[in-house]
Structures are given as structure tokens and as C-alpha cells.
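K.L.:
I have a structure I would like to understand better, so I am pasting it below and will then ask my questions one at a time.
No lab work stands behind these numbers, since they all come straight from the coordinates. None of the values given here were measured: they were computed from a predicted structure. Cβ placement follows ideal geometry from the backbone for every residue including glycine, while neighbour counts extend to all protein chains displayed.
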Amino acid sequence: MVKHPKFVNRDVSWLSFNQRVLQEAEDKTVPILERLRFLAIFSNNLDEFFRVRIATLKRVMDFGKTAKTTMRIKPHKLLDEIQKIVIQQNLKFEKIYKEIQQELRAHGIYITDEKKLNASQSAFIKSYFDNKVRPSLVPIMLNQVKRFPYLKDKSIYLAVKLSMKGQPKLTQYALLEIPSDPEGRFVILPSSNHNHYVMLLDDIIRHNLPSVFYTFPFDKIESYTIKLTRDAELDIDNDVSQSFLDKISKSVKNRQKGDPVRFVYDQSMPADMLAIFTSRMKLRKYDNLIPGFRYHNFKDFMSFPALGAKSLRYEDHKPIVHPALVKEKSMFEAIKKQDILLHFPYQSFNHFIELLREAAIDPTVKSIKITLYRAAKKSKVINALINAARNGKDVTVVVELQARFDEEANIKWAKALAEENIRVIYGVQGLKVHSKLCLIQREEKGKPKLYANISTGNYNEVTSNVYCDESLLTAEPHITSEVSHVFDFFDRNYIVRQYKYLIPSPLRTRKKFIQMIDDEIYNAKHKKKSGIFIKMNSLIDEEMITKLYDASNHGVKIKIIVRGICGLVPGVPGMSENIEVISIVDRYLEHSRIFIFENGGEPLYYISSADWMTRNLDSRIEISTPILDKKLQQELLDILNIQWSDNVKSRVINAAQDNIYRQTGSAIRIRCQDKIYQYLRKK
């Protein structure tokens, strides 16, 4: 009998998720420019993985034997396994990129380099370099400095060698930072014969290196791209004299000085040159020296120019207007009549923006309260809140300063809101505020009336175009009064109220969901209707996984859709034989969390901001809300059933982590994201 592990390591599982992203780049049914974008997403994901997970792993290594007990594997062994997987994925990445380049040429789009320029293109590049690039270049001559210069996280550099044949003593080494504006990394050259030519800024600089180093004697110039990734964890000191805002600001600045966690280099760099650079940088084996290819920071390819025919990109899906909001002039009147569930990006995020706009000018609106985790760079949400404050509304914004990689942006927004006399609460120290809540109070017939929005995703009009999320608009008093309790807690952390409808973390989420799983076990034992159908981004908490195994062993049928990390091993006799797990990766990012429990024939439906990770259950403020309206319950079930029927973009999650595309037995190809769009259009 094959012995299966009880849990899949979270980092190995995450790399398996990123492999699914790479599969999208490889899929020839995906439009060619979108395949390029998936390569960029893969690269960006991997950067963040090293900044956060590998940085954490290296910190854990300092704890020695304790680390193995906590992680179930020796950290050194896990790092070796991760490096092996990453190198294999990088080889696959480069193969796919070369295939995409070839297919782009068939469509008249050429990604060219310094070795393939004709005379007119060369002249254009020289002029472009002299006017726009040269002023921002500052070469550092390594032979002239005692200490190796500090390499910034997220930046890429050219390692340069200048040499004269037969005169090794004249050899010079230099370091050149490539300007970091992603929009300026792609330069469109003059077209020829209706073809499009694109050149990366890296290669424009390479082409002009002789003019940069003209003062040195050389007959050969070699240049190779290098990149250093640093620990992105924030170290927040305990200086009580500093405000929390100041501490976060200081930590964000210090992040750039984090310890190295990965060094990526062009694998064509000669071994002697690599040895010189790694020695000068004092890098060791467990700093993850990864052989890469010609281009780093591939995430910039998300901004690759939209050239060629429209067929090279996904067809635009025009957001659908929610049927309950078509005829109503007032958002409040529509919500008062019925609960409304918005499904992003299929339906328009503008509905929420319109709610805030109406609230900003409605004379009966007295206050607006909202949590902000990640806002857009040019946020319509924040503009509406500022407008509301200017119109005399009492506006309170809970800004989470520790939203990873958005700390700097959130500090900026917090200060901008405060300048408008908006009350800003800087999260809750010790707990990240990850819940997505908005509460509006109106005065109707002389009495206060509450309206709430509870969402699985951020109040961000940009990400709402690509993230699949659920967003409940309700005036149901049981729900809105408890949303008010949550905001009371943000204001006065010592006030802890009882919740009958909402499930808040860290107070109740773990206990409540375990209780609901236990209820399904009880029902299965007593031959009542039982079953669990859940969807989330990550499933890694061992207690929750063990409880699901327990339910499976008692005959509870469990269906799980997990986009990313999954520590559960499904389909193992005697452990998880009644559990099936799939993952869907497609043009939109599956981000919603939905939980359905059969409950003896009276199903319970929830949407949530929380995944089943220890941090979401125990150390963040999260909110799960019941969906009480029967029609909305059916709508959620229909959507999950459509996703479960997907046989185009769904993969089987198993112990092998091999991401096999799922076969459903249907002769009809079902791509759930297209099917859901059609389903909602019909409604």
C-alpha cells in the first residue's frame, strides 16, 4: 500500500499553484499576449514567495531543532527541495518564453535585442539612449570601491566586464542599475513592412555600453543581468514613544535593507565572473543562488505593449448591471427592498462606487464607516469618502497599515484622509484588519437605519476587474447591527460583543466552522442529509484539515475548490476518500470564499474574507456573513456547481502535486468563467 503524507508542505503546495499559472502561459488556447502576461504573473508571484516565505524559512532556521518540530521537515532540506523545484520551473519558463517569441513573430511582433538591429533601428536606439536613458545611468566601477555597493530589492542590474586581450591587469568590473519604470522598459522601434518591433531597455543599454565606458581601454565588453531579492518582513520596534504610523513608515524604509534571500543571475555568465560577484557580495549557498536567463523582473511584462490584432488578447467582458439596480434610481431604496449579492468582475464594481457617491450627497446619511486593506492608486472609493466628509458626513476609515507590500500606499492614503478631517483608525495593533466592511447610517422617519456591505475582496476598482469576489449589500437589521459591533470594536478594542449571525476572527471563526463540520458528522451518522461544499484561496490550517478528514471518515461528502495553497491530501482510503479538491486558474483570479453546509436539509451559506489558514483564523480580524435570502443562496450554489463542472481550466489537487487537468466525463467543454458570465447575463 502506498503511504500518503497527511499534510502537504505549504511552500511546496504554493510552488505547485505557481506551476498552474505557468500552465496558463503554456496553454496555446490562451491568446498569445495573455500567455505573456501569465509569465509575468508567475514571475511576480515567485518574487513575493522569496521575499516572504523563503525569508521566513531562513529566520526559522535559526531555531535549530525547534524548527524541524514546528515544520515537520528540516529547513535545510526544504530549502534544497524548493531550489530544485524553482530551477525546474525556470527552465520551463524559458522554454515557454521562446515559444511565445516565435509565435509573436508569426503575428508580426518581434521582441528584438542589440544583436538584431538594422541601421535605421540602431540610429533610433542611439538617439533614444542619449536623450532619455543616459542621464539616469550611474555606473559603479568595482575596482575603485572597497565595499560592494548595496543592491536594492526589486531592482535589476547589469554586471559588466571590460577586458583587453592579453592584458588581464587592465580588466575592469562595473555595476549598472537599470531604470525601474516598467512602462519605460519596452521601447517600440520604427515599424517596417507592417511589423512591430519591441526592444527591452536592458538591451538598449547593452547596445550603448561602449559609449558609457568610452574612457576605459577595452576590446571586449560582457554584460549579464543580476538581481537580489531581500527579506520583506517588517521589523516593528517596541518604542512606545513612537506612533504606530511612524513605526510602520520606518519599517517600510528598512525593508529595502533586508537580508538577501535569493540571487538570480544570467546562467550564461562565465563561472569566474560569477565567483567574483558572489564573493564580493558575501553570498552563501542558502542565499539561494538561482541560475536564470537573460531577463529578470519579468513581472514588467504585465505592461507589454498591446500590439497586433484584438484576437491576441482576451475579449473584453463588459460588466453586467445587476438586475435589481437597473430600474431603481436610489441604491438605498433597492437595498431596502432586498439583499443584493454582487459577483465581481462579472457585475460592475461601479454599483458600490455609486452607493458611496449617493451616500456622500444624501442629506439623510449621517455617517459612513469602512475598512480599507488595499485601495487603487487613483481610488474612486477614497474620493467618494472625501466628498462625503466635505458634505458634512461623519466618516470613519479603518486603514490597515500592515497590508503587505501596500504599507507605503496605505500610509499615504491615511494621511490624505486625515487632512480632510476624516477619522482614521490605524488598524488594531497585534491583529491585521483583513475584513471588508462598509456601514452607512441614514435617518429615516426620525430613526437611524443601517445599510451594510460585506465583501470577500478589497474595495479596489482596479483589482475588482480581474478578481472574482462576492459582495453583499444588505439592510437586514440582524446583520447590520452586528457590523456596527465590529466597528465599535475597532474604536474601543476592549468592547467584545456577542455575535449570532456574523462569524468574526479571531473570536469565533475556528470554533464555529469546527462546530458546523461536527454537525455534518452528526447528520451523516444519523442518516440525515450531510455534505460540505467550500471554496477558498488557501487551505493549510492543520486542525481544520484534520476535522475535514474526520468528516470524510464518517461519510460526509466534501467538495473543495482551492485556488492556491492546499495542505489537505484528498482521495486517500481511510483518511480522505470522501474528499475531492480542484483548483481553477483562468483569466480571472478566483478570490472569493464561499462555505455551504448541508445542515440536515436546511443548508447554511456563508461568504467570508477568511481563508482556512492559521493567521486568518487566529490573528486577523475577519468576517464571515450568512447569506439568508433563499434566491441568493441558490445563486451561490449555481455558481459553485458551474465551477465544479469545469473541464477546461480546473486541475485535480492530489498528493503528487502534478496539476493534472480534470476530466468530468462530459463531452461538452465547460469553461466556468465564461459560463458564469453567461449565467449572470441571463439573470
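K.L.:
Return, ordered by residue number, the residues of the stretch 155-171 whose backbone nitrogen is under 17 Å from a label point located 7 Å along Cα→Cβ of V138.
P.N.:
Answer for the stretch 155-171: 155-158.
K.L.:
Something else about it: For the chain, what is the charge dipole size about the Cα centre, in debye to the nearest 20, if Lys and Arg each add +1 at the Cβ and Asp and Glu each add -1 at the Cβ?
P.N.:
620
K.L.:
Now for a separate question. Amide H neighbours of I425 under 5 Å, at least 5 residues apart or on other chains, H built in the peptide plane: list them.
P.N.:
V397, V398, V399
K.L.:
What FRET efficiency comes out for the pair A409/T56, r = Cβ-Cβ distance, R0 = 30 Å, nearest 0.05?
P.N.:
Efficiency, from the Cβ-Cβ distance: 0.85.
K.L.:
Excluding residues fewer than 8 places away in the same chain, name every one of the lysines whose C-alpha is closer than 16 Å to that of K447.
P.N.:
Partners found: K336, K366.
K.L.:
Same structure, new question: Nearest 5 percent is fine: what portion of the DSSP beta bridges confined to the chain is antiparallel?
P.N.:
If we restrict to bridges inside the chain, about 70 percent are antiparallel.
K.L.:
Rank by packing, highest mean first: peptides 108-120, 135-147, 544-556, with packing defined as the count of other Cβ atoms within 10 Å averaged across residues.
P.N.:
Top to bottom by mean Cβ count within 10 Å: 544-556, 108-120, 135-147.
K.L.:
In whole Hz, what ³J(HN,Hα) sequence does the stretch 465-475 give by Karplus (6.51, -1.76, 1.60; θ = phi - 60°), x for Gly and Pro?
P.N.:
In residue order, the calculated couplings are 7, 10, 9, 7, 9, 10, 9, 8, 10, 8, 10 Hz.
K.L.:
While we're on this one: Which of the three applies to the stretch 504-682, rounded, prolate or oblate, going by the alpha-carbon gyration tensor with a ≥ b ≥ c and a/c under 1.5 meaning rounded?
P.N.:
Cα axes put the stretch 504-682 in the rounded bin.
K.L.:
Between E354 and K310, what is the label-to-label distance in nm when each label sits 7 Å out along the Cα-to-Cβ direction?
P.N.:
Between E354 and K310, the simple spin-label model gives 2.5 nm.
K.L.:
Work out how much length E543 to K377 would gain on full extension: take 0.36 nm times their residue separation and subtract the Cα-Cα distance, in nm to one decimal.
P.N.:
Full-extension gain reported as 55.9 nm.
K.L.:
Sort out for me the Cα centre separation of the stretch 478-507 from the stretch 88-109, rounded to whole Å.
P.N.:
Between the Cα centre of the stretch 478-507 and that of the stretch 88-109, the gap is 51 Å.
K.L.:
Cβ neighbours within 10 Å, averaged per peptide: list 25-36, 40-51, 305-316 in order, most packed at the top.
P.N.:
Sorting 25-36, 40-51, 305-316 by mean packing, highest first, produces 40-51, 25-36, 305-316.
K.L.:
Would you mind putting 370-381, 454-465 in packing order, based on average other-beta-carbon counts within 10 Å, highest first?
P.N.:
So the peptides 370-381, 454-465, ranked by packing, come out 454-465, 370-381.
K.L.:
Equivalent-ellipsoid semi-axes (√(5λ), Cα gyration tensor) for the stretch 10-312, whole Å, largest first?
P.N.:
Ellipsoid half-lengths, sorted descending, are 34, 27, 19 Å.
K.L.:
Same structure again: Modelling each spin label as a point 7 Å along the Cα-to-Cβ direction, I'd like the E34/K525 distance in nm, to one decimal.
P.N.:
The two pseudo-label positions are separated by 4.8 nm.
K.L.:
Oh, and also: Can you pull the one-decimal nm distance between simple spin-label points at E99 and F7, each 7 Å off the Cα toward Cβ?
P.N.:
It works out to 3.6 nm between the two label points.
K.L.:
Report the local net charge at S505: Lys and Arg +1, Asp and Glu -1, summed over other residues whose C-beta lies under 11 Å from its C-beta.
P.N.:
After counting each charged neighbour, the total is +4.
K.L.:
While we're on this one: Around Y459, under 9 Å between beta carbons, what's the net of Lys plus Arg minus Asp minus Glu among the other residues?
P.N.:
Net of charged neighbours comes to +1.
K.L.:
Hey, which of these cross-link pairs are over 30 Å Cα-Cα: K512/K682; K154/K432; K327/K630; K98/K535; K327/K445; K432/K630?
P.N.:
Correct reply: K512/K682; K98/K535; K432/K630.
K.L.:
Under 12 Å from the Cβ of G430, count the other residues' Cβ atoms, weight Lys and Arg +1, Asp and Glu -1, and hand me the total.
P.N.:
Counting the neighbours of G430, the net charge comes to +1.
K.L.:
Only bridges whose two residues both fall in the stretch 10-312 count here: according to DSSP, what percent of them are antiparallel, nearest 5?
P.N.:
75
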